[in-house]
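Below is one structure, written out as structure tokens; the observations come after it.
The values are calculated or read from the model by the stated rules, or taken from the named source; none is laboratory data. Not measured: the values here are computed from a predicted model. Glycine also receives a Cβ, built like all others from the backbone with ideal geometry; neighbour counts cover every protein chain displayed.
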Amino acid sequence: MEPIIKTENLTIRFGGHTAVSKVNFEMPAKQLKSIIGPNGAGKTTFFNLLSGELKATEGDVYFKGENITSMSSVARARLGLGRSFQITNVFPNLTVLENVRLAVQSKEKIRYQMYRHFTHYKKLLEESQRLIGVVLLQGKEHAIASQLSHGEKRKLEIAMLLALDTEVLLLDEPTAGMSLEEVPAILDVIKAIKQTGDKTILLIEHKMDMILDLSDSIMVLFNGKLLADGSPEEIMNNETVQNAYLGGLYDENLAES
């Protein structure tokens, strides 16, 4: 089966520093893969290359068999690649319902009409309410986004990605900055999306218990290079991965021999 996302020798350099180096990667459709690695491993930079926020120095990115390397982030989003960031990205002065409705409206390409109230668009409202339920924000429809907790803003951001009919969700540390009490709720949202069986999820996360619970497979980056890619069990038992995490003792020359 053709992978939904594929990279070939994907590389980006900033001056003399190579942040991502010749990464060959395949993402099976409708699975959840986590990306792990020490700080500075190149995880977020790799995400930025997939989403089009950064342009590769070398190599290619494919989506459903199509080379999208030269496409902008907006064009990639229209194809079905949706990206969340470590910092939440919502309209703070609008309600939860308004945020989601605008995303649904954008997908349906319905322009604003001054003399027609939004309640005339029944299907938009129904879809917005459905998505609010998916991310477990029922009862918060009329809350102003700026007044939500950090965890609730994360849920809202995911609802907005889903509203764009995103096939692939690129979630960059969805639990970053959350209290311990908020983390299980986000875990439930990601599980619910995964259980629908029609989304592909690529996740950057540091919480290993969460990764092991959610992931079909795990990819490990180290110093910008792909160190390992396999099942959670394979990754946890990989001696090279263990060395990389325990003080960065990974020997590139040994691994290539």
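Before moving on, here are some points about what is shown:
- Qualifying residue in region 50-73 (condition: at pLDDT 95 or above, within 29 Å of Leu148 (Cα to Cα) and touching an Asp or Glu at 6+ places or on another chain (Cβ under 6 Å)): no
- Candidate set from region 176-193 (those that are in contact with a Leu (Cβ under 8 Å, 6 or more places away or on another chain) and crowded, with 16+ Cβ neighbours inside 10 Å); member that is farthest from Ser51 (Cα to Cα): Ala185
- Qualifying residues in region 84-98 (those that are among the hydrophobic types (A, V, I, L, M, F, W, C) and in a loop (DSSP other than H, G, I, E, B)) - the one modelled with the lowest pLDDT: Ile87
- Listed conditions (1) touching a Phe, Trp or Tyr at 6+ places or on another chain (Cβ under 8 Å); (2) modelled with pLDDT of 90 or more are all met by Pro38, apart from (2).
- Whichever residue in region 198-212 is modelled with pLDDT under 90 and among the charged types (D, E, K, R) and, among such residues, is surrounded by the most Cβ atoms within 10 Å (Cβ to Cβ): Glu205
- Of all residues in region 177-201, those satisfying the criterion of being in contact with a helix residue (DSSP H, G or I) (Cβ under 8 Å, 6 or more places away or on another chain) and aliphatic (A, V, I, L, M) are Met178, Val183, Ala185, Ile186, Leu187, Val189, Ile190, Ala192, Ile193, Ile201.
- Qualifying strands (runs of 3 or more DSSP E) (wholly inside region 1-83; at least 2 residues being touching a strand residue (DSSP E or B) at 6+ places or on another chain (Cβ under 9 Å), in contact (Cβ under 8 Å) with a residue 60 or more places away in the chain and within 29 Å of Gln195 (Cα to Cα)): 17-27, 32-36
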